[in-house]
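The values are calculated or read from the model by the stated rules, or taken from the named source; none is laboratory data. These figures come from a predicted structure and were not determined experimentally. Cβ placement follows ideal geometry from the backbone for every residue including glycine, while neighbour counts extend to all protein chains displayed. Surface accessibility is based on the protein's heavy atoms, side chains included, excluding ligands, DNA and RNA. Shrake-Rupley method; radii C 1.70, N 1.55, O 1.52, S 1.80 Å.
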Amino acid sequence: MARSLNQVNMETIVSLCKRRGFIFPSSEIYGGLGSTWDYGPMGVELKRNVKDAWWKSVVHERNDVVGLDSAILMHPDIWVASGHAEGFTDPLVECKNCHHRFRPDHLESDSCPDCGGELTDARMFNLMLKTFLGPAEDSAHQVWMRPETAQGIFVNFQNVLVSHRGRLPFGIAQIGKAFRNEITPGNFVFRTREFEQMEIEYFIEPPEIASKKGNPSDEELHQEWLNTRFDWYVKLGMRKDKLRIRQHGDDELAHYAKSCYDVEYEFPWGWSELEGIANRTDFDLGQHQSHSGKDMTYFDDEIQERYIPYVLEPSGGADRSTLAFLVDAYDEEAATGSNESRTVLHLHPSLAPIKVAVLPLSRNEKLVPKAREVHDIVKANFVSQYDDSQSIGRRYRRQDEIGTPLAVTIDFKTVEEDNSVTIRDRDSMVQDRVPIPSLLEALKDKIENLSLGK
Ligand code: GAP
């Protein structure tokens, strides 16, 4: 039996991520580049699993949402129409002496926190990053790096509708990079300047049409999405008591939103947004219709009317949810009646970077070939890792730290007696003996029934 010592803090998570190859500081050998991070061998698997689980649940398991992968660089007029060129800003003050910039709401006094210099009045600062297309670096060639993937969906609304014979309500989902020149990035991968979003634009009937047809209103469908998205985190093992839904106050609403709710997680520094679920009304399609001159309406053949749909937008971050899954899975446990402790990630098996480790008890010449044979069987069915370095105890600890749910060990009984192996459960640490011919079935069964030990 194990006792949890869980008092996770961010330094512990950052250090585990570096040590075990989840996340590294970017450009590290050149001293790093503020708040940019690279995903290592374990991190890339974990984040991909988060994105795959999201895609499976919002695209593959539904019949009313399809996928899209639009370009990062888009026509600059899109950001004028969407309101980002004008309104995607934060107020900033600048020190007249050292020229460092700060958000006024983060300052404790009216002088520069770095050098004590005098500060300018607050000015609005656009958060979009710029670059240039083509050889000339002038304003005619300037484009923005998208600050949200959403606009790529809105401008493709008619393409998807026509090619996919979409009928309301229907959604378009997209995963992709977004860029914001955040003034106060931080908390590891929680707030960065380059990040990945997982967004759905779910097009629905506007309130007057829904009420005329007796269909659920935008507000009712909004509540359904809140439940669907909250449940997704819980199904993937996140502790329910660490999750909550919080409604935005009027002063927090983005320029496009009629109402918005955040799914929040209680990180070590406090409750923070994992995902925003907004009612963007017909704002975006309406804006693109008037700025592009192209028709953005939907023809409702039931009532023979054209109208611009409303849209509900569940918009989450792949990096933020990866971090929340890591924090939530992290535990330090002491074995009852002993001084020994271990670090373990109780990750849901579908998120765990490696599902099964295959470990010969030692590098003994009888064990290694048999372990390789077992690995060949396992690797065709599960993402797995073969490891024969160091002592078996250290290898179990390493697999616990990267969250591998099951470890198969090949010992002398395997080769000398009965062709059976042990399967060790990450969470209970209990080992069962299984004949090799039944191994795959036993692994599948155990993966499906893992308790997560949280
Ligand atoms: N299209 C709506 C939209 O972009 P948002 O609340 O600004 O809304 C949605 O962003 C999600 O994107 C957030 O809930 C968060 O998970 C992620 N996100 C936003 N800014 C981020 C940043 N600087 N670093 C990491 N993730 C970020």
Report task. Determine whether residue 161 is assigned by TED's automatic domain parsing to the domain that holds residue 274, touching a Phe, Trp or Tyr at 6+ places or on another chain (Cβ under 8 Å), within 23 Å of residue 288 (Cβ to Cβ) and in a loop (DSSP other than H, G, I, E, B). Result -> no
Report task. Keeping to region 284-324, report how many residues are touching a residue at least 40 places away in the same chain (Cβ under 8 Å) and either away from the ligand (no atom under 15 Å from the Cβ) or more than 20 Å from residue 190 (Cα to Cα) (or both). Result -> 22
Report task. Six or more apart or on different chains, Cβ under 9 Å: which pairs go from a residue in region 253-275 that's within 19 Å of residue 196 (Cβ to Cβ) to one that's assigned to a loop (DSSP other than H, G, I, E, B) and near the ligand (Cβ under 9 Å from one of its atoms)? Could you list them? Result -> 267/190; 272/190
Report task. Could you identify the single residue in 57, 15 that is surrounded by 15 or more Cβ atoms within 10 Å (Cβ to Cβ), of a type in the set (S, T, N, Q) and farther than 30 Å from residue 141 by Cα? Result -> 57
Requested in this report: Identify, from the list 314, 360, the residue that is touching a Leu at 6+ places or on another chain (Cβ under 6 Å) and either within 30 Å of residue 148 (Cβ to Cβ) or not assigned by TED's automatic domain parsing to the domain that holds residue 169 (or both).
Outcome: 360
Report task. Tell me which residues, restricted to region 422-454, are under 21 Å from residue 342 (Cβ atoms), small (Gly, Ala, Ser) and surrounded by 12 or more Cβ atoms within 10 Å (Cβ to Cβ). Result -> 428, 453
Requested in this report: Could you check, for region 38-51, whether at least one of its residues is open to solvent by 40 Å² or more (accessible area, probe 1.4 Å), assigned to a strand (DSSP E or B), modelled with pLDDT of 95 or more and not aliphatic (A, V, I, L, M)?
Outcome: yes
**Report entry** Residues of region 177-225 classified as away from the ligand (no atom under 16 Å from the Cβ), open to solvent by 50 Å² or more (accessible area, probe 1.4 Å) and of a type outside the set (S, T, N, Q), total
**Finding:** 7
**Report entry** Qualifying residues in region 104-142 (those that are under 17 Å from residue 193 (Cβ atoms) and in contact with a Phe, Trp or Tyr (Cβ under 9 Å, 6 or more places away or on another chain)) - the one most open to solvent (accessible area, probe 1.4 Å)
**Finding:** 130
Report summary line: If we ask which residues in region 364-400 are free of Cβ contacts under 8 Å to residues at least 24 places away in the same chain, under 22 Å from residue 447 (Cβ atoms) and open to solvent by less than 50 Å² (accessible area, probe 1.4 Å), their number turns out to be 1
Query - Number of positions in region 283-313 that are surrounded by fewer than 18 Cβ atoms within 10 Å (Cβ to Cβ) and either outside any strand (DSSP E or B) or small (Gly, Ala, Ser) (or both) - result: 13
